[in-house]
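These notes concern the structure reproduced below.
The values are calculated or read from the model by the stated rules, or taken from the named source; none is laboratory data. Because the structure is a prediction, the values reported are computed rather than measured. Here the Cβ is made from the backbone with ideal geometry for all residues, glycine too, and neighbour counts use every protein chain on show. Remember, those area values only see protein heavy atoms, side chains included, never the ligands or the DNA or RNA. Shrake-Rupley method; radii C 1.70, N 1.55, O 1.52, S 1.80 Å.
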Amino acid sequence: MTAAARPKLGIFKFASCDGCQLTLLDCEDELLPVADRVEIADFREASSAVLDGPYDLALVEGSITTPGDAERIQAIRANARHLVTIGACATAGGIQALRNFADVREYTRVVYARPEYIRTVATSTAIGDHVPVDFELRGCPIQKGQLLEVITAFLGHRTPNVPTESVCVECKRRGTVCVLVARGTPCLGPVTQAGCGALCPSFDRGCYGCFGPQDSPNAPSLRGKLLELGMDPPAVHRIYRTFNANAPSFRAAAGATDVPAGGGP
Amino acid sequence: MTATPPTAIAPSGELLSVGSRHTLERSDFPRFLAALGTAGYRVVGPIVRDGAIVYGEIHQESDLPIGWTDRQEAGTYRLERRNDDALFGYAVGPQSWKKYLFPSRERLWTAHRTDGSFRVDAEPTDGPAFVFLGVRACELAAIAIQDRVFRSGGDPGYAARRARTLRVAVQCGVAGGTCFCASMGTGPAVGGDHDLALTELLGEGRHRFLVEVGSPAGASVLHSVPLRPASAPDLGAAGAVVARTSASMGRSMDLHQIRDLLVETPEHPRWASVAERCLSCANCTMACPTCFCHSTEEVPDLTGEHVERWRRWDSCFHSAFTELHGSPVRKSTPSRYRQWMTHKLATWYDQFDRSGCVGCGRCITWCPVGIDLTEEVAAIRAMPGVRTAAGGTGG
Ligand code: SF4
Ligand code: SF4
Ligand code: SF4
Ligand code: SF4
């Protein structure tokens, strides 16, 4: 295959921690075959060399938090045949979407010495809220096997095989004893999408919901169980207010407004 | 009573005939385990791990859950100490033997691109011969159901694994809080379909086992094990164990016309009410020892030169499981729960001439929100008038 025939891959970053992009660098053994199959046209974590678009596949990390971001994502979309968002920031707004439930100007006054220099918007939103997205890869961070699957699938012109079932299925397939049933440990696994391999339950902890809602989440029912296990309403609220706080079903499960500590449901 | 002196049993096979019953002293149990190893088997059985009794490798008797039991209710499971040193004093845990016979992930074949074509290599079917130590009556029934699906269905991997397996059954000395095998006609007494069956006898200050030979393969591992013919009191004590367990079932299920009851009530309001609680998490189907649904996927590598076909456990609770032409047939949770329970308890009769449920209670215990199919059936039965014409299965 000649270099010219290789598809061009671009990797773009918005408001995020870079962890998801670094997952690609973490694919040590698989990285060479990837580099062989695609021309990595723009990947600033790995190289400062930048090639112009158009891109066959754009991987986009991070959420939209500034007016400049909102314009840049339009340009990237216009320049990409396929656009795949990676990670909780790009697919749901990330942890920084907590601002959506508060007053962002108040945050900037607390955090920055000269808040008047900060140009930001009131919300942190998913890429899919701004442009059409071909596939959303969940996770905080994404899982490397799933990332390779997505890249392989787009190279092979097929749909990625990324299950949308619950984390519980991964517990059962690997033989992990359910921490919720056997220990009474609160766990978000039943409402969370698989992908991590049920990492936390395998270390005797409940799931924190890193991969966002599974395709048929029943958060109100799980909420009842969490309360029954002894979590108080503010704790239930906080457990849904993490990396995927702005995903619609987690947003609804947490409640519309922040609950002060010790407050009602 | 004067104890009969132990008699070495001649390897003639005479005294070890199928159906013969013998007594094994607790102190000789390690020799029984050793005999299984010497016969070339890898012994898997109950072990305590992560707060539950699961199935894993048994290297010595101290791997067994000595003195442990479980307390089970809908949605909860807790390990507890017993006040004796029973080896098998628990009911069934979260796992079942299907993890060995029908693994949760299994490669079926590998294909490689060759000049202008491709070559498919089937997965080898060799592997270790297992002893399943501590198989309960309900689990023997579940294995028989999966045999019907996979063995009779021509699955070479399953058939090979199953043929190599020796099943050492154990009579239940205690029923779990969610057990209802007595209603389903699958237990608690172990029937004839096993290689060996043990009854643990703890009374009268003597810890011993009644051993019943179930097959020639079972007999063949006993030649070096010190046994003596079972005495009438031991036989009586063993019968009492099963009777006591049978009388202490945690749950029951009324099977009267259950097929018609469920098939004729697709619009019963109970389906919507259970779906308000159901998380569509699939724990029930994963834990169920008879659920056999799976999906197969092709996994190509990045070069596109090699592809593997994998099979993994899947579930009717997943929307993607019923995806046809890009959209799931069963979009809603009521339709999925109804599919699961109606198949398991009703249309299974049409398909396999029996119920798909063996009454082990796993789906009840391991449901995070404690949904109990015995309770759901009772609720539908209590209001059976809400019937519509059979066959309405809309999502
Ligand atoms: S530990 Fe959590 S994720 Fe695992 S089966 Fe239990 S509820 Fe589901
Ligand atoms: S349906 Fe439930 S009780 Fe019946 S065999 Fe399956 S897990 Fe056991
Ligand atoms: S369902 Fe019956 S056979 Fe199974 S564990 Fe319970 S008592 Fe034993
Ligand atoms: S019945 Fe229980 S275990 Fe089964 S899918 Fe519903 S919530 Fe999960």
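A compact table of results
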| item | result |
| --- | --- |
| Highest-first arrangement of A:132-139, B:267-274, where packing means the average Cβ count within 10 Å | A:132-139, B:267-274 |
| Interface area, B with A, accessible, probe 1.4 Å, both sides summed, Å² nearest 100 | 2900 Å² |
| Neighbour net charge for B:I143 - beta-carbon separation under 9 angstrom, K R +1, D E -1 | 0 |
| Intensity falloff of the range B:111-220 expressed as log10 I(q)/I(0), Debye formula with alpha-carbon point scatterers, at q = 0.13, 0.21, 0.24 Å⁻¹ | -0.62, -1.18, -1.33 |
| Greater than 31 Å apart at Cα, pairs in A:K172/B:K344; A:K8/A:K172; B:K99/B:K344; A:K225/B:K98; A:K225/B:K99 | A:K8/A:K172 |
| On Cα atoms only, tilt of A:67-78 relative to the major axis of chain A in degrees | 50 degrees |
| Intensity falloff of the range A:42-183 expressed as log10 I(q)/I(0), Debye formula with alpha-carbon point scatterers, at q = 0.20 Å⁻¹ | -1.22 |
| Other-chain or far-sequence residues with amide H under 5 Å of B:R82's (modelled H) | B:W68, B:T69 |
| Residue-count net charge about B:W313 - beta-carbon cut-off 15 Å; Lys, Arg +1, Asp, Glu -1 | +4 |
| Percent of Cα-Cα distances greater than 18 Å, calculated over the range B:258-382 | 57 percent |
| Averaged over B:272-281, number of beta-carbon atoms from partner chains that fall within 10 Å | 6 |
| The range A:30-35 - phi-based ³J(HN,Hα) in whole Hz, Karplus 6.51/-1.76/1.60, Gly and Pro as x | 8, 5, 5, x, 5, 4 |
| With DNA, RNA and ligands ignored, accessible area of B:S215 (1.4 Å probe; Å², nearest 10) | 20 Å² |
| Cα gyration tensor shape for the range B:30-147, rounded if a/c is under 1.5, else prolate or oblate | prolate |
| Per-residue mean of C-beta atoms belonging to partner chains within 10 Å, peptide A:179-190 | 5 |
| 10 Å binning of all Cα-Cα separations within the range A:77-128, expressed as whole percents from 0 upward | 23, 38, 27, 11, 0 |
| Percent of beta bridges antiparallel (DSSP, the range B:21-247, rounded to nearest 5) | 75 percent |
| Cysteines not pairable in chain A (beta carbon separation under 4.7 Å absent) | A:C17, A:C20, A:C27, A:C89, A:C171, A:C178, A:C187, A:C196, A:C200, A:C207 |
| At most 15 other Cβ within 10 Å, DSSP loop - GluC sites (Glu not before Pro), the range B:172-229 | B:E204 |
| Stokes-Einstein D (µm²/s) once Rh is taken as the Kirkwood radius of the protein assembly as shown over alpha-carbon pairs, at 10 °C in 1.306 mPa s | 57 µm²/s |
| Integer Hz, Karplus 6.51/-1.76/1.60 couplings in order for the range A:129-138, x for Gly and Pro | 7, 10, 9, x, 10, 7, 7, 10, 9, 7 |
| Rounded to the nearest 10 Å², the accessible area of A:D129 at probe 1.4 Å | 100 Å² |
| Accessible area of the protein assembly as shown divided out per residue, in Å², using a probe of 1.4 angstrom | 42 Å² |
| Gaussian network model of chain A, Cα within-10 Å springs - most flexible of A:G19, A:G62, A:G93 | A:G19 |
| Candidates A:G212, A:G156, A:G189: whichever shows maximal mean-square fluctuation once chain A is modelled as a Gaussian network with Cα springs under 10 Å | A:G156 |
| Charge sum, other residues only, whose C-beta stays under 13 Å from A:T123's C-beta, Lys/Arg counted +1 and Asp/Glu -1 | 0 |
| Average beta carbon contacts from partner chains per residue of B:49-56, 10 Å cutoff | 4 |
| Placed amide H near B:V43: partners under 5 Å, 5+ positions off or other chain | B:I58, B:V131 |
| For chain A, built as a Gaussian network whose Cα springs stay under 10 Å, the top-fluctuating residue of A:V60, A:V84, A:V104 | A:V104 |
| Cα shape, chain B, gyration tensor, a/c 1.5 rule | oblate |
| Cα-based shape type of the range A:167-255, given that a ≥ b ≥ c are square roots of the gyration tensor eigenvalues and the cut on a/c is 1.5 | oblate |
